[in-house]
Amino acid sequence: MHRPLKPSCPQRLPLDRLCTPSRSRAWEEAIDWTTPIDRSRRFYCDTLTPLYYTRVYAELGDAHRLRYNQLTGLYSNELIGFLETFVLGRTLDALIERTDLDLPEALTAALRGFRHDEQGHADQWRRLNRLSEPEWYAGCDYRILAVGRAAKAAASFVAGHPVAFPLMFWFQLVQEERSVDISRRIAAAAGDLEPRYVAVYRGHLRDEIRHVHIDWHLIDHLFARRRVLWRRLNARLFRQIVGTLFLAPAAATTRIVRRLVREFPELRPIEARTIDELATLGTSEAYCSMMYSRETTPITFALFDRYPEFHPMREPLKSYHPRLLRREA
């Protein structure tokens, strides 16, 4: 006779270790925001850039790769800043304002700290872009990212009602855990990257680790206790969002390529092929594993294992294979 076991999962940090923001913020004060950016350096880790996983990448020269890397770094700053203010910020505000959820006091305190962190992070991404491209970002925060009105309205509604749509806690978890991996990759490549980028990502790492564990507590308190049918519906919606928006390179990657070609007209003959190859990355095992895997997002995958309604995540995420552990009675 066999009896199923709960899939193994990394150890979660207790709430009393999560309700206080990071000890020292001295790293923020140490960042030099006045010296011009070093344009001879990359802004981002090459292995995080979509084009790195295409065949056409081998045809680019050093100058092309450097500028593509920098444009991708700028886009990443825009995207993270948008998510932290417009999406995660609204979700956290909505939770903090609810007094009827019967959350542990320490979790409520952790949410306030989480919100404070996100406000500070968004400001740093904006400052980093303004330092990198002063003329581009003098009057706006977004030059590469473009979010349509309908998509923005839908995101705003769902983010503002996280208890009704607990998929938001999964959204937070997977994005924060990806941020942890991004920060670690950038720290590992620090010698080749612009120092201000390294400093900002490295400084955020402790916050991001704490946020992942807060999201895990939210899932246990506000997702796990919902009716099975509602969990399944939210899991299905989350699966569709990941498959259509998170995994395959976004339209912004095409805008980056077009910008690169404007700066380097000699790339025009391979522009269409470059865009076509980017469009196929959703089926690339190497690219998908970089985005989401048991190595890059271990807690997310372990929680997918724990909740059967998330086992179908193996459909959009080719790197995910549910683990069902069993033992002899």
Scanning the stretch 166-225 for residues that are small (G, A, S) and assigned to a helix (DSSP H, G or I), the one modelled with the lowest pLDDT turns out to be G203
The condition of being surrounded by fewer than 16 Cβ atoms within 10 Å (Cβ to Cβ) and under 26 Å from P316 (Cβ atoms) holds, among R262, R226, R255, R231, only for R226
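Please specify each residue of the stretch 254-308 satisfying the condition of being closer than 30 Å to D215 by Cα and among the β-branched types (V, I, T).
Taking the stretch 254-308 first, the residues closer than 30 Å to D215 by Cα are 281-308.
Selection gives T283, T296, T297, I299, T300.
The rows are residues; the columns are (1) under 16 Å from the mean Cα position of the chain (by Cα); (2) touching a residue at least 12 places away in the same chain (Cβ under 8 Å); (3) outside any helix (DSSP H, G or I); (4) surrounded by 15 or more Cβ atoms within 10 Å (Cβ to Cβ).
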site: E78; (1), (2), (3), (4): yes, yes, no, yes
site: L95; (1), (2), (3), (4): no, yes, no, yes
site: T99; (1), (2), (3), (4): no, no, yes, no
site: D102; (1), (2), (3), (4): no, no, yes, no
site: Y137; (1), (2), (3), (4): no, no, yes, yes
site: R143; (1), (2), (3), (4): no, yes, yes, yes
site: A151; (1), (2), (3), (4): no, no, no, no
site: A155; (1), (2), (3), (4): yes, yes, no, yes
site: V163; (1), (2), (3), (4): no, yes, yes, yes
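Among the candidates I270, I256, I299, single out the residue that is in a helix (DSSP H, G or I), touching a Leu at 6+ places or on another chain (Cβ under 6 Å) and not small (G, A, S). Working first, answer last.
Values: I270 fails: touching a Leu at 6+ places or on another chain (Cβ under 6 Å); I299 fails: touching a Leu at 6+ places or on another chain (Cβ under 6 Å).
Testing whether each residue is in a helix (DSSP H, G or I), touching a Leu at 6+ places or on another chain (Cβ under 6 Å) and not small (G, A, S) leaves just I256.
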Scanning the stretch 234-252 for residues that are surrounded by 15 or more Cβ atoms within 10 Å (Cβ to Cβ) and of a type in the set (A, V, I, L, M) gives A235, I241, V242, L247, A248, A250, A252
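When the stretch 206-242 is examined, which residues are found to be of a type in the set (F, W, Y) and more than 22 Å from the chain's Cα centre (by Cα)? Spell out how you get there, then give the answer.
First pass over the stretch 206-242, keeping only residues of a type in the set (F, W, Y): 216, 223, 230, 238.
Selection gives W230 alone.
The values are calculated or read from the model by the stated rules, or taken from the named source; none is laboratory data. Just so it is clear, the structure is predicted and the values come from calculations on it, not from any experiment. Note that each Cβ is placed from the backbone with ideal geometry, even for glycine, and that neighbours are counted across all protein chains shown.
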